[in-house]
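These notes are about the structure you will find just below.
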Amino acid sequence: MNWKSARLRILVLVMVGTILNYIARNSLGALAPQLKLDLQITTEQYSYIVGAFQLAYTVMQPIGGMLIDRIGLTAGFALFAVAWSVANMAHGFARGWLSLAAFRGLLGMAEAAVIPAGMKTIGEWFPDRERSVATGWFNAGTALGAVIAPVMAALLAKHYGWQAAFVVTGGIGLIFAAAWYRWYRSPQDAAYVSAEELAAIQEGQRPVPVSATTIRSIVGSSRYWAIAVPRFLAEPAWQTFSFWVPLYFAKERGWDLTQIAMFAWVPFLAADAGGILGGYLAPWLQRWKGMTLEGSRIAGIWIGAVLMIAPGCVGLVASPYAAIGLLAIGGFAHQVISVLINTLSADVFPKSDIAKANGLVGMAGWTGGFLFSLAIGQFADTIGFAPLFACLGLFDLIGAIWLLALRRRLTFAKA
């Protein structure tokens, strides 16, 4: 991919949107210890606040995908970016756990479109051979936003108060919304794409039969369930890293807000590496190991699943820095899995349905994350975090076994 190519510039644009999206959503986790004190929130109530976001996000993903498929990426993604910016800024007006949960639910509804929109963008702009690489860089935006969020939110909260942290981390999304609306166009409508590049994009994409055009037909297809179940089992790890790790270090390791800001970003930096390298892993396996397209995706998911044993061992180490190291391996491993599962959804569904299908796959994932967060809220104060982290070490292995068993259900079109 030439650095002057239009698709590289589009990839940078969608990455920026993803970074800002994750800065907004992950600010809550960094501010959780302070919010619990200032607003007198219990661990169980905090789980409901997290759950409000997760439930709204879960339900809204396929709806957001359908809206983007219907009205187009240009207006659709810009509209959702404005909505998530305003919703995050509203967090600064919370006066208790109920109002914070309400604002969090609105944020979840607005942010649900980011992954379906990003995958539809990649499905439109990138040929098959580059798609997992592009997804890897796009997914790196999620982790990079999560790296920036705790540092940015903690510094803003320390100097200006936690209210200002929400206003600033939300407000910067409005700039992206304007930029996206101004510059994004589909390849065939973009004046900035050359005829040669347009031909390379179109010729490099295998036709996928348009056989799933409704939610019912997508959910009724075996290829959907082949991908959705591993996503259901993978997502609890990312939700735990995003919303619970700062509270874990405050509660069980005795860290204050400054220490959390200094170290809580490390697993997300590792996740960036996992997202990028995971994208390159599939084409490497195809080129050097002779694997098929779907085989390379599944092999990469298996590698990530084995590495996910590491965060399951967090409760076995005495040092908080060793715990950070194990969580960093988990962040790396999860993003390898996430990149390749998301790429599969773009591989096996037609471009007209990518946002909708990816939203439905994401809905399955976020259902898993939502249920696991509720479990943390119920059990963390009684049994501690260690057994809950241990579960994360098992979930992805089960998902990898499921995907391998249903490999033949992933119906790839012939060129």
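Of the residues making up the range 352-373, those that are among the aromatic types (Phe, Trp, Tyr) and either closer than 13 Å to Trp225 by Cα or open to solvent by 10 Å² or more (accessible area, probe 1.4 Å) (or both) number 2. Residues in the range 289-304 that are at pLDDT below 85 and of a type outside the set (Gly, Ala, Ser) were compared, and the one that is most open to solvent (accessible area, probe 1.4 Å) is Lys289.
Once the range 49-58 is narrowed to residues that are modelled with pLDDT of 90 or more and open to solvent by 10 Å² or more (accessible area, probe 1.4 Å), the residue that is nearest to Val219 (Cα to Cα) is Ala56.
Taking the numbered list (1) more than 15 Å from Glu235 (Cα to Cα); (2) in contact with a helix residue (DSSP H, G or I) (Cβ under 8 Å, 6 or more places away or on another chain) in turn, Arg408 passes all entries but (2). Answer yes or no as to whether Ala318 is outside any helix (DSSP H, G or I), without any contact (Cβ under 8 Å) to a residue 40 or more places away in the chain and farther than 22 Å from Trp402 by Cβ. The answer is yes for Ala318. Within this structure, Ser99 fails the test of being in contact (Cβ under 8 Å) with a residue 60 or more places away in the chain and small (Gly, Ala, Ser).
Selection of first residues in the range 359-373 that are more than 15 Å from Val114 (Cβ to Cβ) and of second residues that are outside any helix (DSSP H, G or I), restricted to Cβ pairs under 8 Å at least 6 apart or on distinct chains, gives the following pairs, ordered by first then second residue: Ser373/Trp244.
Among all positions in the range 312-321, there is at least one residue which is more than 19 Å from Leu410 (Cα to Cα) and crowded, with 21+ Cβ neighbours inside 10 Å. Filtering the range 84-103 to residues that are under 26 Å from Arg7 (Cα atoms) and open to solvent by 10 Å² or more (accessible area, probe 1.4 Å) leaves nothing. Picking from residues in the range 1-53 that are in a helix (DSSP H, G or I) and charged (D, E, K, R), the one that is farthest from the chain's Cα centre (by Cα) is Asp38. Taking the criterion of being surrounded by fewer than 24 Cβ atoms within 10 Å (Cβ to Cβ) and not acidic (Asp, Glu), the residues of the range 104-124 that qualify are Gly105, Leu106, Met109. The set of residues in the range 334-366 that are within 18 Å of Met308 (Cα to Cα) and among the small types (Gly, Ala, Ser) comprises Ser338, Gly365. Cβ-Cβ distances below 7 Å connect the following pairs, each with a first residue in the range 264-277 that is of a type in the set (Val, Ile, Thr), a second residue that is part of a helix (DSSP H, G or I), and a separation of six or more residues or different chains: Val266/Ile324; Val266/Ala328; Ile276/Gly136; Ile276/Trp137; Ile276/Ala140. Selection over the range 322-350 of residues that are surrounded by fewer than 24 Cβ atoms within 10 Å (Cβ to Cβ) and more than 23 Å from Gly295 (Cβ to Cβ) gives a count of 6. Quick one: is Gln61 in a helix (DSSP H, G or I), open to solvent by less than 20 Å² (accessible area, probe 1.4 Å), within 28 Å of Asp353 (Cα to Cα) and in contact with a Pro (Cβ under 8 Å, 6 or more places away or on another chain)? So Gln61 passes the test. In the range 249-261 there is at least one residue matching the filter, namely being in contact with a Phe, Trp or Tyr (Cβ under 8 Å, 6 or more places away or on another chain), surrounded by fewer than 17 Cβ atoms within 10 Å (Cβ to Cβ) and within 30 Å of Phe379 (Cα to Cα). In the set (1) over 24 Å from Trp255 (Cα atoms); (2) of a type in the set (Val, Ile, Thr); (3) in contact with a Ser or Thr (Cβ under 8 Å, 6 or more places away or on another chain), the condition left unmet by Val50 is number (1). Among the criteria (1) among the polar types (S, T, N, Q); (2) touching a helix residue (DSSP H, G or I) at 6+ places or on another chain (Cβ under 7 Å); (3) within 30 Å of Leu55 (Cβ to Cβ), the one Ser221 does not fulfil is (2). Looking at Thr142, Thr135, which one is under 17 Å from Leu73 (Cβ atoms), modelled with pLDDT under 90, of a type in the set (S, T, N, Q) and surrounded by 20 or more Cβ atoms within 10 Å (Cβ to Cβ)? After ruling out the rest, the residue left standing is Thr135. Checking Gly254 against (1) modelled with pLDDT under 90; (2) of a type in the set (Gly, Ala, Ser); (3) on the phi < 0 side of the Ramachandran plot, only one condition comes out false. Which one? Status for Gly254: all satisfied but (3).
The values are calculated or read from the model by the stated rules, or taken from the named source; none is laboratory data. It should be emphasised that the depicted structure is a prediction, and the values quoted were computed from it without experimental measurement. Backbone-built Cβ (ideal geometry, glycine too); neighbour counts: all protein chains shown. Remember, those area values only see protein heavy atoms, side chains included, never the ligands or the DNA or RNA. Shrake-Rupley method; radii C 1.70, N 1.55, O 1.52, S 1.80 Å.
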